[in-house]
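Worksheet for the structure shown next.
The values are calculated or read from the model by the stated rules, or taken from the named source; none is laboratory data. This one's a predicted model, so the numbers in the text were calculated from it and none came from an experiment. Neighbour counts run over all protein chains shown; Cβ positions are idealised from the backbone, glycine included.
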Amino acid sequence: MSKCIIIPAFNEYENINILLKEIYKNDFKDLIIIIIDDSDESFEKYIQKQEDSIIYLFRGKKLGRGSAVLYGIKYALNTFKNIDLFIEMDADMSHNPNELKRNLVCFNEKNLDLLISSRYKKESKIINWPFKRKILSFLSNRLSKLVLNIPITDYTNGYRMYSNQAAKFVVKNCGKIGDGYIVLSEILIQLYYNKYKIDEIETIFANRVRGTSNVTISEIFLSLIGLFKIWRIKLKLNRF
């Protein structure tokens, strides 16, 4: 199975090599890693390329996390014809690379189109998150569940696996609501109501120890507006 890991990044030169080193410990065959860098200045020179399979795409300004993920998936689909699995994960080490193999087994055994690493399953843990961030994430997920009514626990974590078919569908149909974190919910609503198979798995989510969070108040506000735009899409999709 050919795999592609999409890593959206913004000023993550302190974390990127640590993440890549941990990813390679999984010893995956046929692995491509695509880093989409939205920093003001390129950090490509900091990357210690252990493999030729690392592709670095520099966009030069902050265009949104969701936009970066869709950009990376689209690039991979247009460049490589044999990718079976797409993995989305953050560059700040909050998404544990040691869970990749276990997640892959779950994805394949259940024949899924989307697997979400959920911070809110009973077995999951959130480590060293500030209290305000915990409350904000909890309320965001509760609001998303109330509005979108999809039977999952975590709408906003970007540690995910996609099938080839789901990736193609996402690139074609998503990115119309916004370009930030709201894309995560947009992808979810489109895949769920178009009958793609979705499930969750527990995860250990650790707050970053290097660098600063890229989430801003304006992005949160835009996500709330985007959520109600997605609700309107849900109403249309739910008619069929």
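Against the list (1) assigned to a helix (DSSP H, G or I); (2) touching an Asp or Glu at 6+ places or on another chain (Cβ under 7 Å); (3) modelled with pLDDT of 95 or more, the condition residue 66 fails is (3). If we scan the range 104-119, do we find a residue that is more than 25 Å from residue 27 (Cα to Cα) and either of a type outside the set (Ser, Thr, Tyr) or surrounded by fewer than 21 Cβ atoms within 10 Å (Cβ to Cβ) (or both)? Scanning the range 104-119 turns up at least one residue that is more than 25 Å from residue 27 (Cα to Cα) and either of a type outside the set (Ser, Thr, Tyr) or surrounded by fewer than 21 Cβ atoms within 10 Å (Cβ to Cβ) (or both). Filtered by the rule that a residue be farther than 20 Å from residue 37 by Cα and free of Cβ contacts under 8 Å to residues at least 12 places away in the same chain, the range 63-102 gives a lone residue, 81. Scanning the range 29-51 for residues that are at pLDDT 95 or above and exposed (fewer than 15 other Cβ atoms within 10 Å of the Cβ) gives no hits. The residue that is farthest from residue 195 (Cα to Cα), among those in the range 137-169 that are part of a helix (DSSP H, G or I) and of a type in the set (D, E, K, R), is 142.
Looking at the range 92-99, can you tell me whether even one residue there is farther than 18 Å from residue 166 by Cβ, under 12 Å from the mean Cα position of the chain (by Cα), crowded, with 17+ Cβ neighbours inside 10 Å and not charged (D, E, K, R)? Yes: one or more hits.
Restricting attention to the range 65-80 and to residues that are more than 21 Å from residue 47 (Cα to Cα) and over 12 Å from the mean Cα position of the chain (by Cα), the residue that is surrounded by the fewest Cβ atoms within 10 Å (Cβ to Cβ) turns out to be 78. The one condition from (1) in contact with an Asp or Glu (Cβ under 6 Å, 6 or more places away or on another chain); (2) in a loop (DSSP other than H, G, I, E, B) that residue 60 does not meet is (1).
Screening the candidates 172, 134 for the property of being over 15 Å from the mean Cα position of the chain (by Cα), closer than 27 Å to residue 2 by Cα and either outside any loop (DSSP other than H, G, I, E, B) or of a type in the set (A, V, I, L, M, F, W, C) (or both) yields one hit, 172. Just to be sure, is residue 170 buried (at least 23 other Cβ atoms within 10 Å of the Cβ) and in contact with a Gly (Cβ under 7 Å, 6 or more places away or on another chain)? Here the answer is no, as residue 170 does not meet what is asked. The sole residue among 126, 83 that is in contact with a helix residue (DSSP H, G or I) (Cβ under 7 Å, 6 or more places away or on another chain), surrounded by fewer than 22 Cβ atoms within 10 Å (Cβ to Cβ) and modelled with pLDDT of 95 or more is 83. Any residue at all in the range 52-62 that's buried (at least 16 other Cβ atoms within 10 Å of the Cβ) and touching a residue at least 40 places away in the same chain (Cβ under 8 Å)? Checked the range 52-62: at least one residue is buried (at least 16 other Cβ atoms within 10 Å of the Cβ) and touching a residue at least 40 places away in the same chain (Cβ under 8 Å).
One residue alone among 6, 33 is closer than 21 Å to residue 170 by Cα, without any contact (Cβ under 8 Å) to a residue 60 or more places away in the chain and not in a helix (DSSP H, G or I), and that residue is 33. For the range 90-99, state whether one or more residues are over 22 Å from residue 153 (Cα atoms) and of a type in the set (A, V, I, L, M, F, W, C). The answer is yes; a qualifying residue exists.
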